[in-house]
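Engineer: A single structure is presented below for examination.
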Amino acid sequence: MTGPRVGVYVCHCGTNIAGVVDVAAVRDWALERLGPHGVVVARDYPFMCSSLGQELIEKDIAELGLDRVVVAACSPHMHERTFRGACGRAGLNPYLCELVSIREQVSWVHTDRDAATRKAEAVVAGGVLRVREQVPLEPLRVPIAPATLVIGGGIAGISAALELADAGYPVHLVERQPSIGGHMAQFDKTFPTLDCAACILTPRMVDAGMHPNITLHTWSEVVDVSGHVGAFSVRILHRPRYVDTDLCTGCGICEEKCPAKVVDPVFESGIGYRKGIYRPFPQAVPKYPVLDPEHCIYFERGTCRACEKLCPTGAIDFEQQPEEVTVEVGNIVLATGFEPFDARRVEAYGYGRYPNVFTSLEFERMSNAAGPTGGRIVLRDGQTEPRSVAIVHCVGSRDRNFNPYCSAICCMQSLKVAHLVREHTEATVYELYIDMRTPGKGFDEFYQRVQDEGTHLIRGRVAEITDVLRLPDEAGEDGRLIVQVEDTLAGRQRRIPVDMVVLSVGLEPPSDAREMARRLGITCSSDGWVIERHPKLDPVATMTDGVFAAGCALGPRDIPSSVANGAAAAARILGRISQGELALEPIRASVDEARCSGCRICNDLCPFGAISFERGRGTEVDPALCQGCGVCIAACPAGAISGTGFSDAQILAQIEGLLFPGTIHPEAGLDAVVAGSATTPEPEAVPA
Amino acid sequence: MTATLPTAGRTSPTEAAVPFEPVIIGFTCNWCSYRAADLAGTARIKYPPNVRLIRLMCSGRLDPAFVLKAFAAGADAVVMTGCWPEDCHYRVQNVKALRRFELLRRVLTDLGIEPARFQRVYASAAEGQQLADAFTRIVADVRALGPLDWRVDLADPAAAADEPVDGHEPAGTPEAPAPPEPAAVTA
């Protein structure tokens, strides 16, 4: 056999491709013009990815002796594996198959049929010329570390950690707060079942805290991640607690005796207090307190040390320093959750100016029996029960000025607030909503229930919350808040006097989400949420192999979804760990000793330390460390480094194919003009 | 050989019958801009069909030879796309690509290739719209510049010999040939 024998398969994708691209013309063009380049068969088929489409390829490999395959269909990120599989089944090395995109890059983005068809031809030519230069490859097999890093100890992270640990594999669970539990630990009830959040969460927290396979790193930060799937090396910074956890029994005497009392902006959302040494809440896991040096009297003035004097086990250690540990893990789950939208940003709603405008998270703490008011719903004075409450939806969400997206949980959470207000007080409750979104099991039933309880539902976005009385009938409402809203169902403006306003704040990514994403080599959407590998079919994987995401790190979602995400990420990881080794894409650099001059330019260009040089032994690339970016290949002045899968020959050939004569404007290319027959086949010579 | 040369390419504005359609080679990064291109497709965002893409693992893989090859093979412009400076999948490799880009652009300018023919675009995997917008803009830029006609000089040594030795621009080439109405770009 002389030269490669290439088969070209053009997919219609129903009308997705065929509706814009003349697939038959592309097929004929490929056979005619690319015949001299080894194309021996070209076919089109309605759905190449169907089993019949794949069998077409398998049959041609067997019967026509194809040794290269080009499929012109969707993005390689969609079906590359499918067609490689078909080739593999027919005995052809899977890497000798090239999938070129004429859907995402042609038919879906262009409208002119002629231009799109011409571009599709060029794209096919690029694929054919490129695949000719491809060589058979084998996936790289690397060992996989059994441990997993879970970043974020909220319900998503806890769920992932427990699934992995229960299966018998070690987990490092990192949480930046003193306790795991996340936002869920702050909540009072959960919609729509009204389960007590703590009652269902704390057993999970205890399980995670006691599990022999889970190492908790609370009050800690992930500062650096290096390595790759199967072998990540992670540096974790333990901030000083100023408490020796080996000695502390969690008795709580230090907290009780600490004379420093400060507002707790984190767990109590700023409506309650904590001590200078504290546990955020009684069920905290781990049980050890944290000393806050910014509010510790000893750290401020040099005297006090009450906690140290009174600690029965001598566990207080004012000399504690930050400590860094390094753990080796095979996979990572990012479950860093969300931050509530800062309601101060919507100035018209007066949060921060009017004391009786609260956020939904403040309400959660207030409504919580373990919270600062012991579960009493009261105004900011801490005593007066409100006679009327307005709940404002979509604060910071569905608003071009802030976040365009829907925060998903706020409608149900607002309805829950309405229910709880009605349960705890005699107040009249108004819900001010744009659209009521209750898609979920039992959600709409809950909505009906809240309506039946007598909550006033007013459809309209709140324009302003003010204490300025403007209309004559507002006389006598001194000191109350007026909610100005257009009631879009009644078709009129309303000014509703209330005692209390609860702003249902939206969810935002943590302020350092992008920094963390960078550390992990993953990408975020413009809103800052982690981008999934595929939004539908791979919703907990990220673009980076070995890095998964769960819970609100991916976008706003409720507790059941976060739990399911955590378990899903764990299942994905377990599937890999249990195999003991990983098959990686063999896209790697390698050095041709004979051409290497030893200049060492490449050494410093590799951020993964994969390239080493030793006198006498020359330059070597460690395939386990190499990530295949190809920077060294492009930089090598001697052309001594080559890269599998993306070699110079392949890319240069693809460039030539993409500019194939006849697919560009009439001047053709330099090669065509100057070199004549070098790249342009004589039309007469084309075999039928 | 030169007898068949379409020298008219140089004076394309006078050949108003067929508007000049440039061909542009775009290099994409597997992790960001290629996925942005996929996203543009999935979202059915339209851009002119003049751009043809090549997938690399990283913009840092872009060997200057690829750019020169693309120009030599008939491209009117080359676009290097990649991750935003601090978002590189390979940590910092796109910065190395940026260094190379700046240097290469200077060399290309010295060779008489206008800077607008070698452009750089950042696009994260979420920025399908931004990528499509950039392609639309670049196609308009290059359409306004007209065809890259250095191949005429190279193919015809006699014509090239007429050029002043240090004159990078072929004599008579206008700064920018009268651009066709940009309104047609997004059609």
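Engineer: Provide the packing ranking of B:48-58, A:404-414, i.e. peptides ordered by the mean count of other C-beta atoms within 10 Å per residue, highest first. Intermediate values should be presented prior to the final figure.
Structural biologist: On the way: B:48-58: 24.5, A:404-414: 22.4.
The densest-packed peptide leads the list: B:48-58, A:404-414.
Engineer: Still on this structure, please answer the following. Taking every residue in B:39-51, how many Cβ atoms of other protein chains lie within 10 Å of its Cβ, on average? Please report the intermediate quantities before stating the final value.
Structural biologist: Values: counts 4, 4, 12, 8, 3, 5, 2, 4, 2, 5, 15, 5, 4.
Per residue, the number of nearby Cβ atoms from other chains is 6 on average.
Engineer: Report the Stokes-Einstein translational diffusion coefficient (µm² s⁻¹, integer) for the protein assembly as shown, Rh taken as the Kirkwood radius over Cα pairs, at 10 °C with viscosity 1.306 mPa s.
Structural biologist: Rounded, D is 51 µm²/s.
Engineer: Related question: Residue by residue, what Karplus-based ³J(HN,Hα) values in Hz, rounded to whole numbers, does the range A:36-46 have, using 6.51, -1.76 and 1.60 with θ = phi - 60° and x for Gly and Pro?
Structural biologist: x, 9, x, 6, 9, 8, 9, 9, 10, 7, x
Engineer: Something else: Based only on Cα atoms, what mean projected area does the convex hull of the range A:500-595 have, in nm²?
Structural biologist: Details: hull surface 40.2 nm².
So the mean shadow area of the Cα hull is 10.0 nm².
Engineer: 222 nm [θ] for chain A, helices only, -39500 (n - 2.57) per DSSP H run of 4+, per residue, to 500?
Structural biologist: Details: 17 runs with 181 residues, N = 688.
Value at 222 nm, helices only: -8000 deg cm²/dmol.
Engineer: Determine the dipole magnitude for the range A:338-408: charges of +1 sit on the beta-carbon of Lys and Arg, -1 on that of Asp and Glu, nothing else is charged, the reference point is the Cα centre, and the result goes in debye to the nearest 20.
Structural biologist: 120 debye
Engineer: Using only Cα atoms, locate the centre of the range A:278-340 and the centre of the range A:125-194, then give the distance between them in Å, rounded to an integer.
Structural biologist: Spelled out, the Cα-based centre of one part sits 26 Å from the other.
Engineer: Related question: Counting pairs of Cα atoms in the range A:342-508, how many percent are more than 20 Å apart?
Structural biologist: I get 49 percent for the Cα pairs in the range A:342-508 exceeding 20 Å.
Engineer: Which order do the peptides A:14-21, A:609-616 take when ranked by the mean count of other beta-carbon atoms within 10 Å per residue, highest first? The partial results should precede the final answer.
Structural biologist: Working: A:14-21: 18.6, A:609-616: 12.9.
Ranking the peptides A:14-21, A:609-616 by packing returns A:14-21, A:609-616.
Engineer: Sticking with this structure for a sec: What dipole magnitude, in Debye to the nearest 20, does the protein assembly as shown give about its Cα centre under +1 on Lys/Arg Cβ and -1 on Asp/Glu Cβ? Could you put the intermediate results ahead of the total?
Structural biologist: Numbers: 84 positive and 109 negative charges, 213 e Å.
Once rounded to the nearest 20, the dipole reads 1020 debye.
Engineer: Then there is this: What are the GluC sites (Glu not before Pro) within the range A:364-438 that DSSP puts in a loop, where the Cβ has at most 10 other Cβ atoms within 10 Å? Walk me through the numbers before you get to the answer.
Structural biologist: Values: sites: A:Glu364, A:Glu423, A:Glu426, A:Glu431; in loops: A:Glu426.
The qualifying sites are A:Glu426.
Engineer: Can you tell me the 0 to 90 degree angle between the C-alpha axis of helix A:76-89 and the longest principal axis of chain A, rounded to 10?
Structural biologist: Compared with the principal axis, the helix lies near 50 degrees.
Engineer: Find the lysine pairs in chain A meeting two conditions, Cα atoms under 18 Å apart and a separation of 8 or more places or different chains, and report how many there are.
Structural biologist: 9
Engineer: Compute and list, largest first, the equivalent-ellipsoid semi-axes of the range A:97-231 from the alpha carbon gyration tensor, each √(5λ) rounded to a whole angstrom. Spell out each step's value before the answer.
Structural biologist: Working: eigenvalues 470, 115, 31 Å².
Ellipsoid half-lengths, sorted descending, are 48, 24, 13 Å.
Engineer: Another question about this same structure. With a cap of 14 neighbouring Cβ atoms within 10 Å, and only residues DSSP puts in a loop, list the trypsin sites (Lys or Arg not before Pro) found in the range A:418-510.
Structural biologist: Numbers: sites: A:Arg422, A:Arg437, A:Lys441, A:Arg449, A:Arg459, A:Arg461, A:Arg470, A:Arg480, A:Arg492, A:Arg494, A:Arg495; in loops: A:Arg437, A:Lys441, A:Arg461, A:Arg470, A:Arg480.
Sites meeting the loop and neighbour criteria: A:Lys441, A:Arg470.
Engineer: Which percent of Cα-Cα pairs in the range A:554-658 sits in each 5 Å bin, short to long?
Structural biologist: 2, 11, 17, 14, 12, 10, 9, 9, 8, 5, 3, 1, 0
Engineer: For A:Lys309 and A:Ser526, FRET efficiency with R0 = 60 Å and r from the beta-carbon atoms, rounded to 0.05?
Structural biologist: Efficiency at R0 = 60 Å is approximately 0.65.
Engineer: Restricting to bridges with both residues inside the protein assembly as shown, how much of the DSSP beta-bridge set is antiparallel, in percent to the nearest 5? Before the final figure, lay out the partial values.
Structural biologist: On the way: 51 of 115 bridges.
Percent antiparallel among DSSP bridges in the protein assembly as shown is about 45.
Engineer: Another question, if that's okay. Quick check: the distance between the Cα centres of the range A:473-535 and the range B:55-121, to the nearest angstrom?
Structural biologist: Taking the Cα centre of the range B:55-121 as reference, the centre of the range A:473-535 is 42 Å away.
Engineer: With no solvent and one point on each alpha carbon, what is the Debye value of log10 I(q)/I(0) for the range A:240-321 at q = 0.27 Å⁻¹?
Structural biologist: Normalising to I(0) and taking log10 leaves -1.49.
Engineer: Further question: Starting from the Cα coordinates of the range A:1-115, work out the convex hull volume and express it per residue in Å³.
Structural biologist: Once divided by residue count, the hull of the range A:1-115 is 88 Å³.
Any read-out appearing in this document is the output of simple, stated calculations on the displayed coordinates, not a laboratory observation. Note that the structure is predicted; figures quoted are calculated from it, not measured. Virtual Cβ from ideal backbone geometry, glycine too; neighbours counted across all protein chains shown.
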